[in-house]
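Worksheet: the structure to be examined is printed underneath.
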Amino acid sequence: MTLVERYVRAVRDFLPRGQQDDITNELADSIQSRFEDEEVVRGRPLTEDEQVAILRSLGHPMAVAARYRGDDRSVRFGGQLIGPELFPTYLTVLRINLAITLIIGAVSLIVGNSIWSAIAGVVVPFVIQFTIVTLLFIWVDRRWLRDPDGWDPRTVNSMGPDIDVSTLDGLAVQLIGKQHTRAVAITTSVLEIGLLALALTFWLAIGLPEQIGFVEPGPGWADVWLAATVVILFALAIPVVNLFRPTWTRFRVAGHALTDIASIAILAVSLMLGSWVVLVDPASASAEQQDLVELINTIIRISVAFTLVLTAINAALEIRRLVRIGRPRSEAAAVSNVKDT
Amino acid sequence: MSAVETTATNADAAFENLRLELRRGALVLAVLARLGTEHYGYALRKALVDQGMDIDENTLYPLLRRLETQGLLDSTWRETDSRPKRFYRLSAVGEEVLDRLLKQWRDLDTTIRRINGEASE
């Protein structure tokens with residue numbers, strides 16, 4: 001695949017579906033015409049570095065595609081903090097966060113019977129998430145989109161079958177075009193820290209209340225809460241360590257496998273214990289209250305069982321990866337990028 | 001940073017914002033005026049740059065699509081130099097709009113000169 005084809009494919013992924021062919025054909029022709037003009041001026045074919053310099057001058061594929069979307073919305077405070085290229089994604093992430101927070105708030109309102117506990121349960125986590133998500137996007141905007149050297153046209157990838165964008169590594173490769181195959185990318189560690197910090201915020205916000213309205217935490221929740229907190233903290237420690245020791249790839253895979261195994265144990269114990277919320281005073285509870293508690297426990301039981309299956313599959317994959325990884329390579333070899341692999 | 005430097009920086013920033021605002025409309029006019037004769041995107045950009053209207057690809061191509069969507073341009077794909085290229089030219093509506101915009105441009109120029117105390121031509 002030529003540099004132009006690679007670049008145009010990457011732009012294509014961010015374009016509106018109906019216009020992809022039309023825009024990319026025109027863009028490819030424009031770049032090729034520019035290369036030809038430069039070759040006439042220099043009297044020789046362009047070197048790879050010269051082609052890279054021209055592609056860099058056009059901008060990151062995501063930035064190029066954003067111009068065609070015609071959506072100029074951005075986050076500004078004095079200067080531009082999050083540009084139009086990332087703004088739609090930023091908005092989507094915030095909407096998902098808000099939706100999750102509102103669901104938790106609605107549950108708090110139903111079981112807590114207090115509008116203030118529901119508001120506090122929505123506002124505080126959302127403000128924390130808003131701050132973390134915004135700071136993360138500002139950083140991404142500065143690091144990748146405004147810095148012409150922050151990405152590499154030689155390795156920038158399309159979201160084609162060769163790249164798995166469902167993983168943070170794949171997403172990092174797509175955005176900056178650099179792949180540290182034997183080291184954990186800083187981007188990956190930062191994204192993981194952000195996501196796990198969000199998860200921890202939610203978990204601590206829910207906490208272990210003594211009583212919420214007419215219900216209180218049952219054994220399926222109360223008896224495993226502390227263990228689950230420790231597992232989340234351990235999971236958070238893995239990307240923090242990798243941020244400073246990116247070559248510790250075996251540590252990362254082993255850490256993930258261990259986290260998954262511990263999670264399976266906790267979820268299994270939680271399932272066996274059964275009730276996640278129980279009535280404070282079963283004797284005086286109304287039939288509606290009993291039905292509601294039963295409904296909540298059923299929903300949680302299904303969610304826990306589903307998570308248990310997913311975690312077991314993930315644990316199997318992590319253990320297989322751990323076996324395959326073999327002995328760690330030398331520090332010097334570990335920081336090579338995709339070009340020399 | 002001294003107060004004088006801060007004032008200069010603010011003036012530069014304000015000028016840059018206003019310049020971009022002013023230029024945005026002028027770019028549309030320049031593109032429409034140039035497309036009285038047929039061009040493909042890259043050749044159009046070169047022609048504009050050669051005549052002093054600097055415009056980058058990321059501005060020109062989305063602008064061409066927008067103007068076509070508004071019915072001011074027509075486009076066709078043709079094979080040239082063994083590559084398919086998209087050729088643009090003014091549509092009938094585009095010609096009419098260009099005439100009116102050019103008249104508006106000249107009127108504005110005269111008005112601004114008058115307001116600015118410059119000698120009328």
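Filter region A:224-266 down to residues that are within 16 Å of residue A:192 (Cβ to Cβ) and without any contact (Cβ under 8 Å) to a residue 24 or more places away in the chain and give me whichever is least open to solvent (accessible area, probe 1.4 Å). Break it down stepwise before answering.
Of region A:224-266, the ones within 16 Å of residue A:192 (Cβ to Cβ) are A:231-246, A:248-249, A:251-260, A:263.
Subset that is without any contact (Cβ under 8 Å) to a residue 24 or more places away in the chain: A:237, A:241, A:244-245, A:251, A:255.
On the way: A:237: 44, A:241: 46, A:244: 143, A:245: 120, A:251: 73, A:255: 4 Å².
Per the stated criteria, the residue is A:255.
Answer with yes or no whether residue B:60 is at pLDDT 95 or above, assigned to a helix (DSSP H, G or I) and within 11 Å of another protein chain (Cβ to nearest Cβ).
Numbers: at pLDDT 95 or above: no; assigned to a helix (DSSP H, G or I): yes; within 11 Å of another protein chain (Cβ to nearest Cβ): yes.
In short, no.
Would a scan of region A:281-296 turn up a residue that is in contact (Cβ under 8 Å) with a residue 40 or more places away in the chain, small (Gly, Ala, Ser) and within 18 Å of residue A:196 (Cα to Cα)? Can you show your working first?
Filtering region A:281-296 down to residues in contact (Cβ under 8 Å) with a residue 40 or more places away in the chain leaves A:281, A:285, A:289, A:292-293, A:296.
Those left that are additionally small (Gly, Ala, Ser): A:285.
Those still in the list that are within 18 Å of residue A:196 (Cα to Cα) too: none.
Scanning region A:281-296, I find no residue that is in contact (Cβ under 8 Å) with a residue 40 or more places away in the chain, small (Gly, Ala, Ser) and within 18 Å of residue A:196 (Cα to Cα), so the answer is no.
Residues that are within 24 Å of residue A:141 (Cβ to Cβ) and open to solvent by 20 Å² or more (accessible area, probe 1.4 Å): which helices (runs of 4 or more DSSP H) entirely in region A:1-106 hold 3 or more of them? Steps first, please.
On the way: elements: A:3-12, A:20-42, A:48-58, A:61-69.
Helices (runs of 4 or more DSSP H) meeting the threshold: A:3-12, A:48-58, A:61-69.
Please count how many residues of region B:64-106 are buried (at least 17 other Cβ atoms within 10 Å of the Cβ) and within 14 Å of chain A (Cβ to nearest Cβ).
Number satisfying all stated conditions: 9.
Residue A:33 passes all but one of (1) within 13 Å of chain B (Cβ to nearest Cβ); (2) touching a Gly at 6+ places or on another chain (Cβ under 6 Å); which number fails?
So the condition that residue A:33 fails would be (2).
Are any residues in region B:26-39 open to solvent by 50 Å² or more (accessible area, probe 1.4 Å) and either out of contact with any Phe, Trp or Tyr (no Cβ under 8 Å at 6 or more places or on another chain) or assigned to a helix (DSSP H, G or I) (or both), and if so, which ones?
Narrowing region B:26-39 to residues open to solvent by 50 Å² or more (accessible area, probe 1.4 Å): B:33-34, B:37-38.
Hits for region B:26-39 are B:33, B:34, B:37.
Pairs only if they're at least six apart or on different chains, beta carbon under 7 angstrom, first in region A:302-314 and under 16 Å from residue A:235 (Cβ atoms), second assigned to a helix (DSSP H, G or I) and β-branched (Val, Ile, Thr); list them, first residue then second.
The qualifying pairs are A:311/A:264.
Taking the conditions exactly as written (modelled with pLDDT of 80 or more and assigned to a helix (DSSP H, G or I)), does residue A:333 satisfy them or not? Break it down into steps so the answer makes sense when it comes.
Working: modelled with pLDDT of 80 or more: no; assigned to a helix (DSSP H, G or I): yes.
When the stated conditions are applied, residue A:333 does not pass them.
Right, residue B:114: open to solvent by 40 Å² or more (accessible area, probe 1.4 Å), touching a Ser or Thr at 6+ places or on another chain (Cβ under 7 Å), farther than 19 Å from residue A:70 by Cα and in a helix (DSSP H, G or I) or not?
On the way: open to solvent by 40 Å² or more (accessible area, probe 1.4 Å): yes; touching a Ser or Thr at 6+ places or on another chain (Cβ under 7 Å): yes; farther than 19 Å from residue A:70 by Cα: yes; in a helix (DSSP H, G or I): yes.
Against the criterion (open to solvent by 40 Å² or more (accessible area, probe 1.4 Å), touching a Ser or Thr at 6+ places or on another chain (Cβ under 7 Å), farther than 19 Å from residue A:70 by Cα and in a helix (DSSP H, G or I)), residue B:114 qualifies.
When residue A:243 is evaluated against the numbered criteria (1) in a helix (DSSP H, G or I); (2) farther than 30 Å from residue A:186 by Cβ; (3) of a type outside the set (Gly, Ala, Ser), which criterion, by number, is the only one it fails?
Result: residue A:243 passes all but (2).
The values are calculated or read from the model by the stated rules, or taken from the named source; none is laboratory data. For clarity, every value in this text was computed on a predicted model and none was experimentally measured. When we count neighbours, we look across all protein chains shown, and the Cβ atoms used for this are built from the backbone with ideal geometry, even at glycine. For accessibility, only protein heavy atoms count, side chains too; no ligands or nucleic acids. Shrake-Rupley method; radii C 1.70, N 1.55, O 1.52, S 1.80 Å.
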